[in-house]
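The values are calculated or read from the model by the stated rules, or taken from the named source; none is laboratory data. Here the structure is a predicted model, which means the values were calculated and not measured. Every residue, glycine among them, receives a Cβ derived from its backbone with ideal geometry; neighbour counts consider all protein chains shown. Ligands, DNA and RNA are stripped out before the accessible areas are found, and what is left, the full protein with its side chains, is counted by its heavy atoms. Shrake-Rupley method; radii C 1.70, N 1.55, O 1.52, S 1.80 Å.
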There are 2 protein chains.
Amino acid sequence: MSADRKTAAIIGGGVIGGGWAARFLLNGWDVCVFDPDAQAQRKITAVLENARYALPMLYNTALPDEGSLTYCETISGAVQNADWIQESAPERLALKRKVYQTTQEHCRADAIIASSTSGFKPSEIQGCATRPEQIIVAHPFNPVYLLPLVEIVATDENPPEMTDRATGIIESLGMFPLRVRAEIDAHIADRFLEAVWREALWLIKGEIATTEEIDNAIRYGFGLRWAQMGLFETYRIAGGEAGMRHFIDQFGPCLQWPWTKLMDVPELTDELVEMIASQSDAQSGAHTIRQLERMRDENLVGILLSLKTRDAAAGALLNTHEARITQPPDTSGAEPITTLNRNVPIDWTDYNGHMNESRYGQVFSDAADVVMALLGADAEYIKGDNSYFTVDIHIRFLQETRTGQRFSVHSRVLLGEGKKLRLYHKMLADDGSVIATGEQMLIHVSLKTRRACEPQPEILAKLESLAAAHATIPLPDHLKDT
Amino acid sequence: MSADRKTAAIIGGGVIGGGWAARFLLNGWDVCVFDPDAQAQRKITAVLENARYALPMLYNTALPDEGSLTYCETISGAVQNADWIQESAPERLALKRKVYQTTQEHCRADAIIASSTSGFKPSEIQGCATRPEQIIVAHPFNPVYLLPLVEIVATDENPPEMTDRATGIIESLGMFPLRVRAEIDAHIADRFLEAVWREALWLIKGEIATTEEIDNAIRYGFGLRWAQMGLFETYRIAGGEAGMRHFIDQFGPCLQWPWTKLMDVPELTDELVEMIASQSDAQSGAHTIRQLERMRDENLVGILLSLKTRDAAAGALLNTHEARITQPPDTSGAEPITTLNRNVPIDWTDYNGHMNESRYGQVFSDAADVVMALLGADAEYIKGDNSYFTVDIHIRFLQETRTGQRFSVHSRVLLGEGKKLRLYHKMLADDGSVIATGEQMLIHVSLKTRRACEPQPEILAKLESLAAAHATIPLPDHLKDT
């Protein structure tokens with residue numbers, strides 16, 4: 001355990017608390033859980049299993065070593081060493097206040113006590129507390145281990161230093177702290193969810209649409225838009241060159257139209273509950289909740305990875321976090337360089353249930369990028385109109401690789417002179433066995449002329465030195481006659 | 001022009017009408033546009049340019065040959081030969097009714113007249129029409145060329161045959177017809193959008209959040225959920241094993257909480273419009289609308305392709321449409337088989353602005369899948385625990401390939417005997433020049449034992465026959481000594 005390892009206390013370990021536990025653990029924090037529910041350990045184990053499958057797929061590098069997980073019998077035991085205390089207890093104010101009272105009797109005065117509440121404002125949960133300045137709202141979204149949003153709501157009681165520290169910690173977990181400017185019932189996102197939920201209840205009650213039809217109306221239409229741009233940027237585009245003012249002027253009159261029943265709340269009669277539940281069974285009953293969770297998580301991972309490719313929306317958050325957690329490869333000594341250390345994401349696998357053959361090429365292409373970056377041929381160098389292009393690759397497939405499997409790549413320079421760079425990569429399983437090998441010939445090119453040319457002198461010098469160091473490593477048998 | 005080619009008339013060519021024009025054209029329909037706006041042609045050209053870039057990226061096969069596009073001076077000229085007439089005129093009832101009157105004087109009695117309206121119910125637009133039975137609502141979502149949802153709303157005036165035909169045509173365009181069970185103001189999806197929009201206006205007016213903060217609250221949280229599962233399936237999961245009834249019971253009390261201001265409508269004062277517009281400028285003003293459109297479309301393509309990989313949500317719609325438009329390869333004669341004919345999607349390209357080297361491997365892997373399917377080694381065969389695994393590939397990269405570029409692959413069998421299948425693929429640009437070549441060795445395996453074995457006799461017979469036919473094709477020079 002490293003000296004700067006931090007500890008989170010999780011008070012209440014349901015779906016939300018379990019998701020928080022996973023976020024902290026997989027980002028290298030030690031976690032102490034308190035939950036009086038006899039089922040808590042089983043529930044958290046299930047959430048953790050999902051998180052360990054999905055979260056590492058989002059990064060091209062390994063997450064920090066997982067922290068330790070402890071279940072505590074008491075709140076006092078859970079909170080005493082904690083840097084961050086996350087309360088996800090049931091939404092009853094008296095209960096939450098009691099939790100804070102016990103917590104503050106035993107926790108450090110500089111610990112952050114954050115509530116997952118959407119039902120209460122921070123001033124409400126700070127009321128009656130010994131040290132209200134220590135308590136804020138940090139409201140996450142399910143699944144907490146995949147969705148980045150956390151609404152941070154503070155009051156004047158909270159010193160700005162403390163709120164800044166809280167947002168910094170949220171960022172260090174790969175999440176996005178949204179500082180809410182003023183406290184308001186339900187913060188921001190849940191107000192939208194509540195509005196849509198109420199409207200949906202009316203549509204079902206009026207037999208205008210079933211649960212499945214409503215879900216289709218969302219996921220085949222505006223849901224796709226909102227995964228990347230939200231409401232206003234989407235409408236800005238719809239407004240076109242005429243601009244946002246024009247768009248609102250045009251759309252304004254609709255506000256007077258009777259397009260929503262939201263001024264009124266449908267009564268949740270047994271009959272309405274039964275309608276919704278049986279429609280939902282018809283829609284999704286063929287799958288267990290665990291299957292649905294897995295489908296949801298794989299879809300979220302796929303969408304997030306797709307956004308990451310273009311550094312867009314939530315994908316940009318992933319890139320920022322990845323840059324933070326990536327360790328520079330070790331190039332000391334005459335050893336192959338460990339260029340990759342990661343796992344196989346869901347979108348790399350095919351119908352055989354194993355990694356698609358084209359992704360071996362991606363593994364070696366990504367490994368070559370790491371070698372290039374080491375040589376100084378990085379994004380900045382490419383902006384200066386120079387790069388390496390692969391002209392030839394030979395891949396041998398020796399073992400199958402499965403979704404989620406951890407692997408590493410060892411890369412060495414076989415030839416590095418003038419325009420030429422020849423690399424040899426070994427893709428290795430956790431047990432050290434070889435999954436695949438790749439010999440790759442790259443040529444340095446000018447991006448202006450699209451023709452081969454020598455690299456800049458400082459790149460060439462580094463390349464020659466690396467080639468000389470690697471020349472002492474014995475060749476693999478299948479390359480000895482080449 | 002083939003005999004069964006169909007014609008769509010587009011009445012009103014703004015963003016929505018232009019999107020419809022693109023959907024029809026790129027799916028092989030001829031299109032006649034009527035729009036009195038002097039800018040109509042310029043606007044539609046811009047939408048078409050976006051659609052031609054983005055839509056073909058969604059399929060692993062070429063779309064049908066594009067139809068012809070004609071601009072007509074009159075409604076009568078546009079509608080006279082049309083099978084489908086799509087009205088996207090401004091949301092003024094008197095204007096729409098006038099359009100239908102002129103349309104029905106000149107169009108075929110069996111043509112479908114569909115309105116893009118969200119502001120009016122079908123009974124309202126059918127009122128005063130000569131043949132109300134011909135008119136329905138088909139309400140799409142922007143960008144129409146990428147989002148699949150179309151709300152189909154009919155009345156008792158519409159014969160069921162006609163409504164069925166309309167939904168069939170919508171499906172043939174790769175879209176999803178959502179049959180709305182009863183007419184209601186704003187149909188389904190816009191009721192949700194309107195509810196969220198009203199809530200957002202209150203949050204901005206109250207200085208709780210800016211446009212950017214609201215967009216972040218959506219796209220980093222529930223927006224990601226809604227791109228794949230919608231509202232009810234998401235909540236079903238949140239309810240966990242306890243089920244939907246339990247979840248609603250738990251969530252029910254919130255309905256009594258004052259979490260929305262929707263009972264009331266904020267006044268759109270100049271001050272509020274100015275707040276929104278200037279916040280939106282601060283958020284997105286660094287990009288032109290064209291840049292934002294391109295970013296949006298690339299993100300949507302990426303999200304849709306990611307869902308397609310797992311046959312999930314809107315991705316399943318794409319797979320269904322792709323199966324419909326895929327032409328079986330021609331295997332007559334001793335010629336290499338054209339195994340692929342498609343373009344390069346956005347998620348295949350890297351920071352150099354050209355196709356990532358690993359995707360050449362995917363191209364050849366996809367081409368091998370087509371050969372395997374031809375031999376009978378298809379998904380059904382794999383379910384019977386047999387498959388081919390690639391054990392070795394050698395790729396030569398001869399030319400760069402760019403986003404959106406059309407290419408084809410010619411594949412031939414070099415060796416086909418017993419467990420062994422050796423393929424040679426040539427990836428070709430539109431001008432016939434070679435982009436890359438791949439020699440690929442596949443071995444037939446039992447998926448039970450994970451060991452090499454001979455294929456089923458009927459597969460082997462087809463393989464040997466194909467190998468014999470291809471043996472007469474001269475070898476490429478670089479393979480002559482192998």
Problem - Percent antiparallel among DSSP beta bridges (both partners in region B:7-179, rounded to 5) - result: 15 percent
Handout entry: DSSP loop GluC sites (Glu not before Pro) with at most 13 other Cβ within 10 Å excluded, longest remaining stretch of chain A
Key = A:268-482
Practice task
Let me know the mean shielding of B:276-288 by other chains, meaning the per-residue number of their Cβ atoms within 10 Å of its Cβ.
Solution key: 4
Practice task
Could you order A:Arg181, B:Arg406, A:Arg97 so the one with the most accessible surface comes first? Probe is 1.4 Å.
Solution key: A:Arg181, B:Arg406, A:Arg97
Fill in the blank from the handout: Each label sits 7 Å from Cα toward the beta-carbon; between B:Leu398 and B:Leu415 the label points are separated, in nm, by 2.3 nm
Completion exercise
To the nearest 10 degrees, the tilt of helix B:313-325 (Cα long axis) against the first principal axis of the alpha carbons of chain B is 60 degrees
Exercise for the section: Work out the mean other chain Cβ neighbour count within 10 Å for the residues of A:197-204 and drop it here as an integer. Expected result: 6
Exercise for the section: Would you mind computing Rg(Cα) / (2.2 N^0.38 Å) for chain B, counting N as its residues? Expected result: 1.16
Handout entry: Nearest-first distances (nm) between copies at B:Gln405, label 7 Å from Cα via Cβ
Key = 3.2
Completion exercise
Helix-only [θ] at 222 nm, chain A, -39500 (n - 2.57) per DSSP H run of 4+, per residue, nearest 500, equals -12500 deg cm²/dmol
Practice task
Assign one of three labels to the protein assembly as shown, namely rounded, prolate or oblate, based on the Cα gyration tensor with a ≥ b ≥ c the square roots of its eigenvalues; rounded applies when a/c is under 1.5, prolate when it is not and a/b is larger than b/c, and oblate otherwise.
Solution key: oblate
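Using Cα pairs under 8 angstrom and six or more residues apart, how large is the relative contact order of region A:7-179, in percent?
Relative contact order of region A:7-179: 22 percent.
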Completion exercise
Amide H proximity to B:Arg108 below 5 Å, modelled H, separation 5+ or other chain, gives B:Ala82
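Given the protein assembly as shown, what percent of its DSSP beta bridges are antiparallel, to the nearest 5?
Numbers: 93 of 141 bridges.
The antiparallel proportion sits near 65 percent.
Going through region B:281-362, which chymotrypsin sites (Phe, Trp or Tyr not before Pro) have at most 16 other Cβ atoms within 10 Å and a DSSP loop state?
B:Tyr351
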Practice task
Give the shape of region B:308-396 as rounded, prolate or oblate, defined through the alpha-carbon gyration tensor: a ≥ b ≥ c are the square roots of its eigenvalues, a/c under 1.5 means rounded, and otherwise the shape is prolate if a/b is larger than b/c and oblate if not.
Solution key: rounded
Completion exercise
For region A:300-437 the mean separation of alpha carbon contacts under 8 Å (6+ apart) over residue count, i.e. relative contact order in percent, is 24 percent
Practice task
Can you find, among B:Asn27, B:Ala313, B:Ile395, the residue farthest towards the positive end of the dipole of chain B? Put +1 on the C-beta of Lys and Arg, -1 on that of Asp and Glu.
Solution key: B:Ile395
Problem - Pairwise label distance in nanometres, A:Glu73 with A:Asp164, each label 7 Å out on the Cα-Cβ vector - result: 4.3 nm
Completion exercise
Expressed in angstrom and rounded, the centroid-to-centroid distance over alpha carbons for region B:125-165 and region A:360-418 is 53 Å
Practice task
Could you tell me the accessible area of B:Thr167 in Å² (1.4 Å probe, neighbours in place), rounded to the nearest ten?
Solution key: 20 Å²
Practice task
Could you work out the local net charge near B:Trp348, counting Lys and Arg as +1, Asp and Glu as -1, over the other residues with Cβ closer than 11 Å to its Cβ?
Solution key: 0
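Using R₀ = 25 Å, calculate the FRET efficiency as 1/(1 + (r/R₀)^6) where r is the Cβ-Cβ separation of A:Ser278 and A:Asp37; round to 0.05.
0.30
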Completion exercise
Order by accessible surface, 1.4 Å probe, largest leading, for residues B:Ile10, B:Ile16 comes to B:Ile16, B:Ile10
Exercise for the section: For helix A:357-375, report the angle its Cα long axis makes with the longest principal axis of the Cα atoms of chain A; keep it between 0 and 90° and round to the nearest 10°. Expected result: 70 degrees
Exercise for the section: Restricting things to alpha carbons, tell me how big region B:328-479 is in terms of Rg and Dmax, in Å. Expected result: 15.6, 47
Problem - With all protein chains modelled, accessible area of B:Leu479 [1.4 Å, Å²] - result: 0 Å²
Handout entry: Restricting region A:416-482 to trypsin sites (Lys or Arg not before Pro) in coil, as DSSP defines it, with at most 14 other Cβ within 10 Å
Key = A:Lys448, A:Arg450, A:Lys480
Completion exercise
With a 30 Å threshold on alpha-carbon distance, the violating pairs from A:Lys6/A:Lys383; A:Lys121/B:Lys121; A:Lys43/A:Lys98; A:Lys420/B:Lys308; A:Lys308/B:Lys419 are A:Lys6/A:Lys383; A:Lys121/B:Lys121; A:Lys420/B:Lys308; A:Lys308/B:Lys419
Exercise for the section: Report in % the part of the accessible area of region A:348-403 that belongs to carbon and sulfur, leaving out ligands and nucleic acids; probe 1.4 Å. Expected result: 50 percent
Exercise for the section: Report the calculated FRET efficiency for B:Glu464 and B:Asp385 (r = Cβ-Cβ distance, R0 = 30 Å), to the nearest 0.05. Expected result: 0.85
Fill in the blank from the handout: Counting only protein heavy atoms and leaving out ligands, DNA and RNA, the solvent-accessible surface of B:Leu178 at a 1.4 Å probe, in Å² to the nearest 10, equals 10 Å²
Practice task
Please average, across the residues of B:175-181, the number of beta carbons from any other chain that are within 10 Å of each residue's own beta carbon, and give a whole number.
Solution key: 4
Exercise for the section: Express the Stokes-Einstein translational diffusion coefficient of region B:1-141 in µm² s⁻¹, to the nearest whole number, given a Kirkwood radius over alpha-carbon pairs, 25 °C and a viscosity of 0.890 mPa s. Expected result: 162 µm²/s
Problem - Sequence-separation-based contact order of chain B, relative, with Cα cut under 8 Å and 6+ spacing, percent - result: 11 percent
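Tell me, what is the per residue accessible area of chain A in Å², probe radius 1.4 Å?
For chain A, the solvent-accessible area averages 38 Å² per residue.
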Exercise for the section: Go ahead and run the numbers for FRET between B:Arg451 and B:Leu479, Cβ-Cβ distance against an R0 of 22 Å, rounding to 0.05. Expected result: 0.15
Handout entry: Label point 7 Å beyond Cα along the C-beta direction, distances from A:Arg450 to other copies (nm, shortest first)
Key = 4.4
Fill in the blank from the handout: For chain B, the longest principal axis of the Cα atoms and the Cα long axis of helix B:289-309 enclose an angle in degrees, to the nearest 10, of 60 degrees
Fill in the blank from the handout: Label points for B:Arg179 built 7 Å along Cα→Cβ; distances to same position in the other copies, nm, shortest first, come to 5.3
Completion exercise
For region B:394-482 the chymotrypsin sites (Phe, Trp or Tyr not before Pro) that pass both the DSSP coil test and the at-most-16 other-Cβ-within-10 Å test are none
